[in-house]
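S.K.: What follows is a single structure, and I will ask about it in a moment.
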Amino acid sequence: MKLFCATSNEGKLREFRAASGPDFEILPLPGLRAIDAPEESGQTFEANAILKGRFYGAHLPAESAEGFLFAEDSGLEVNALGGDPGVYSARFAGPDATDAANNQHLLKRLEQSANRAARYVCVIALVKNGEVLRTFRGIVEGEITREPKGSGGFGYDPLFFYPPFAITFGEAPPERKAAVSHRAEALAEMFAFLRGYARAH
């Protein structure tokens with residue numbers, strides 16, 4: 001089954017494809033880079049995922065596969081910061097912040113904190129013919145290190161220590177991270193739903 005994805009983030013696209021298995025082919029939305037992105041005005045990951053799903057779903061050509069598209073919103077929640085950066089994860093250090101700037105800003109905010117508990121959260125909105133069929137949520141728990149470790153992944157991965165691996169996501173091989181990530185969990189739920197949907201239709 002072909003699924004179109006509303007992201008131009010190569011790191012996310014790699015993770016989606018790594019987690020998709022043989023039943024699904026994930027493709028970027030045709031012409032995505034020429035479409036002005038909507039303002040992510042939602043206060044939750046769910047709200048932003050739905051907003052993006054509806055917006056980009058309207059740009060999916062009618063002849064494209066089965067007409068399925070998914071959009072996601074994801075980010076980091078840090079306990080000591082009351083859940084921040086949350087939906088502002090990509091722009092935590094400012095509107096055009098780099099991953100490195102966001103990481104340094106997070107470390108600065110946590111400088112005096114002994115509580116390093118955090119989680120990655122991903123919410124996916126699945127759209128068909130412009131209508132949201134369902135949302136799917138994935139979470140992975142971890143801790144924030146006191147300095148970046150590893151050059152892999154993207155976002156806050158060099159700071160996100162995953163206890164079962166005893167290393168950060170920045171140090172983990174891509175396929176190993178992809179198997180346990182918040183995106184993998186949300187995708188697994190979506191794929192299970194789509195298999196059932198295909199049987200029923």
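S.K.: Using only Cα atoms, what Kirkwood radius does segment 86-201 have, in angstroms?
M.R.: 15.6 Å
S.K.: Let me ask you something else. What full-extension length gain, to one decimal in nm, is calculated for ALA37 and ARG137 as 0.36 nm per residue of separation minus the Cα-Cα distance?
M.R.: 33.8 nm
S.K.: At 0.36 nm per residue, minus the direct Cα-Cα distance, what do ASN79 and ASN9 gain on full extension? Give it in nm, one decimal, please.
M.R.: Taking 0.36 nm per residue and subtracting the Cα distance, the gain is 22.6 nm.
S.K.: Would you pull out the residues with amide H under 5 Å of CYS5's amide H, same chain only if 5 or more places away, H placed 1.01 Å from N?
M.R.: HN-HN under 5 Å from CYS5: LEU27, LEU29, PHE70.
S.K.: Now a separate question. Compute the acute angle (0 to 90°) between the alpha-carbon long axis of helix 45-57 and the principal axis of greatest extent of the alpha-carbon atoms of the chain; round to the nearest 10°.
M.R.: 40 degrees
S.K.: Ignoring ligands, DNA and RNA, what accessible area per residue does segment 142-181 give at 1.4 Å, in Å²? All intermediate terms of the calculation are to be shown ahead of the outcome.
M.R.: Numbers: 1880 Å² over 40 residues.
Spelled out: the 1.4 Å probe surface of segment 142-181, per residue, equals 47 Å².
S.K.: Normalised by the number of residues in segment 89-201, what is the relative contact order in percent for Cα pairs under 8 Å and 6+ residues apart?
M.R.: 22 percent
S.K.: OK, next. So what's the angle, to the nearest 10 degrees on a 0 to 90 scale, between helix 99-109 and the longest Cα principal axis of the chain?
M.R.: Approximately 50 degrees, to the nearest ten.
S.K.: If you roll a 1.4 Å probe over the chain with all protein chains in place, what percent of the accessible area is carbon or sulfur?
M.R.: Summing carbon and sulfur atoms, their accessible area is 50 percent of the total for the chain.
S.K.: Between THR168 and residues 5 or more places away or on another chain, which pairs have amide H atoms under 5 Å apart, with H built 1.01 Å from N, and which residues are they?
M.R.: When sequence neighbours closer than 5 places are left aside, the close amide H contacts are TYR162.
S.K.: If you line up the long axis of helix 10-20 against the longest principal axis of the chain, both from Cα atoms, how many degrees apart are they, to the nearest 10?
M.R.: Approximately 60 degrees, to the nearest 10.
S.K.: Provide the per-residue ³J(HN,Hα) series for segment 156-173, in order, calculated from phi with Karplus coefficients 6.51, -1.76, 1.60 and θ = phi - 60°, each as a whole number of Hz, with x at glycine and proline positions.
M.R.: 8, 3, x, 9, 8, 7, 10, x, x, 8, 6, 8, 7, 5, x, 9, 7, x
The values are calculated or read from the model by the stated rules, or taken from the named source; none is laboratory data. Please read all numbers here as calculations on a predicted model, not as lab measurements. Please note that ligands, DNA and RNA were not included when accessible areas were found on the heavy atoms of the full protein model with its side chains. Shrake-Rupley method; radii C 1.70, N 1.55, O 1.52, S 1.80 Å.
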